[in-house]
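Below: one structure, written as structure tokens.
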Amino acid sequence: MFVFLQNYKFCRSFPNFSYFCAMNREIFRIAVPNIISNITVPLMGIFSTAIAGHTGDSAATIGALAIGVSIFNFIYWNCSFIRMGTSGITAQAFGAKDFTTTTAMLVRAVGISAILGILVLLLQYPLGELSLWMMNGNQMVSDYFYARIWAVPAGIMLFGLNGWFTGMQNAVIPMFTSITINVLHVLLSLWFVFGFDMGIVGIAYASVVAQWSGMILSVVLLVLFFRDKLQHVEISQVLDMTALREFFAVNRDIIIRTFCIVAVYTFFTAASARMESDIVLAVNTMLLQMFTLFSYMNDGFAYAAEALTGRFIGAKDEGSLRLCIRRCVVWAVGTAVVCIVIYVGWWQDIISMFVGDKAQLADILNVAGEYIGWVIAIRIAAALPFLMDGIMVGATLTRILRNSMLVSTLAYFALYYSLHPFIGNNALWLAFTAYMALRGVAQYFMSGRLKMVYQKSEVLS
């Protein structure tokens, strides 16, 4: 009791302390559900990889799944501009209490998402054959692709819905939907793969059922919890040319930025597939999934920065904006430190979960040991880039996102091709590390050390 009273007196002695605590609560209110939601995505990948690793030739099956997943990452990530563009604009409208605009943004986002999803289905054959050729995919990869393609429309529409929820400062609905999707995906994968002996095609069909279930659930929750915020919107409002120009200008830059990200990650898998053995491909895949898993923890604070930056800019609250960014930086760096400790202490245990073939485990661990240092280095390099992405999206400074990503991507390919003849697979990891570091550094300086962000929250006299 004495300690409590002393702490109470301490807090009362510093008027700004309660403000400090309130900001942390706001950050965690958005960050924690997003961390949970985000972590379920790579966890699904881990479970899928583990399931694939317990069917037949572990290395070959894991490699085929990795290529198939990379193809869909290419499709999904190139459509993720819907989420990011929707989130920033919606958050600023929410901060300004302009709910007519937020509703129009919802209709716009879902409509464009549906159109994109239908286009992907109509173009599935040329997309599939081109992807298989570029990724050196075999028949196993082809079967996976043409099964999972039917999940794409639902997945893209979820981008639009989740972007809107984030802009409306609600992270719980996307979390609940994501958990539902991924639990369904794992359970159905086990059923289809081992119950019906469908191989990795079973994992693909599990994704189809899970994605459509999640999309339907998201719409139901939208109606239940946001009915009072859904203002009546005329088609003329949705198709307002000024708003559409802003939306597509933001999304144009995000599309270019996302294309660069997809190019980097897809090339990483493609280059791995062309290495000297299936074991190197499998190791690169597993180590990248380790990095991705813990990156999603950082991404939770990026989502918080995205939503709150947009909100405080819309409300013209520069003081809260500055405090928010400072707090997000602290939490992002702290999360990175925790991840590094986990990498150092338990990387072998994590790798072992992926592999069912014990005869191959020793070889895989030996190869992984050669490259685990790179995963730690990348974790350090990636402590802030994700957060900077969120700040720029919330501020709708998407040109900076685009330009910084172009610089980083050029550096990535330049480093790889110049060093690969000399250091082999290490060149791939070095290039990826440099790419991550440059993303954050470039955004910081291109925004005038965040001056351009703060200026958007200033009250015009």
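The condition of being polar (S, T, N, Q) and within 18 Å of the chain's Cα centre (by Cα) holds for Ser404.
For segment 147-202, the set of residues classified as closer than 30 Å to Ala96 by Cβ and either in contact with a strand residue (DSSP E or B) (Cβ under 7 Å, 6 or more places away or on another chain) or among the hydroxyl-bearing types (Ser, Thr, Tyr) (or both) consists of Thr166, Thr177, Ser178, listed by residue number. Scanning segment 373-387 for residues that are touching a residue at least 60 places away in the same chain (Cβ under 8 Å) and assigned to a helix (DSSP H, G or I), we see that the one that is surrounded by the most Cβ atoms within 10 Å (Cβ to Cβ) is Leu387.
Counting only residues that are closer than 18 Å to Val337 by Cβ and not aliphatic (A, V, I, L, M), segment 293-326 holds 8 of them. Among the residues here, Ser37 does not qualify as at pLDDT below 75 and either buried (at least 16 other Cβ atoms within 10 Å of the Cβ) or not basic (Lys, Arg) (or both).
Entry remark, segment 261-278: residues being assigned to a helix (DSSP H, G or I) and either aliphatic (A, V, I, L, M) or more than 20 Å from Ala434 (Cβ to Cβ) (or both) number 8 in total.
Of the numbered criteria (1) in contact with a Leu (Cβ under 9 Å, 6 or more places away or on another chain); (2) crowded, with 17+ Cβ neighbours inside 10 Å, the one Thr61 fails is (1).
Here's the yes/no breakdown for (1) closer than 30 Å to Phe99 by Cα; (2) in contact with a helix residue (DSSP H, G or I) (Cβ under 8 Å, 6 or more places away or on another chain); (3) part of a helix (DSSP H, G or I); (4) among the aliphatic types (A, V, I, L, M):
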site: Thr309; (1), (2), (3), (4): yes, yes, yes, no
site: Ile313; (1), (2), (3), (4): yes, yes, yes, yes
site: Cys324; (1), (2), (3), (4): yes, yes, yes, no
site: Trp331; (1), (2), (3), (4): no, yes, yes, no
site: Ile342; (1), (2), (3), (4): no, yes, yes, yes
site: Ile350; (1), (2), (3), (4): no, yes, yes, yes
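In this structure, does Ile181 turn out to be buried (at least 19 other Cβ atoms within 10 Å of the Cβ), in a helix (DSSP H, G or I) and at pLDDT below 90? The answer is no for Ile181.
The values are calculated or read from the model by the stated rules, or taken from the named source; none is laboratory data. Note that the structure is a prediction, hence the values are computed from the model and not measured. Every residue, glycine among them, receives a Cβ derived from its backbone with ideal geometry; neighbour counts consider all protein chains shown.
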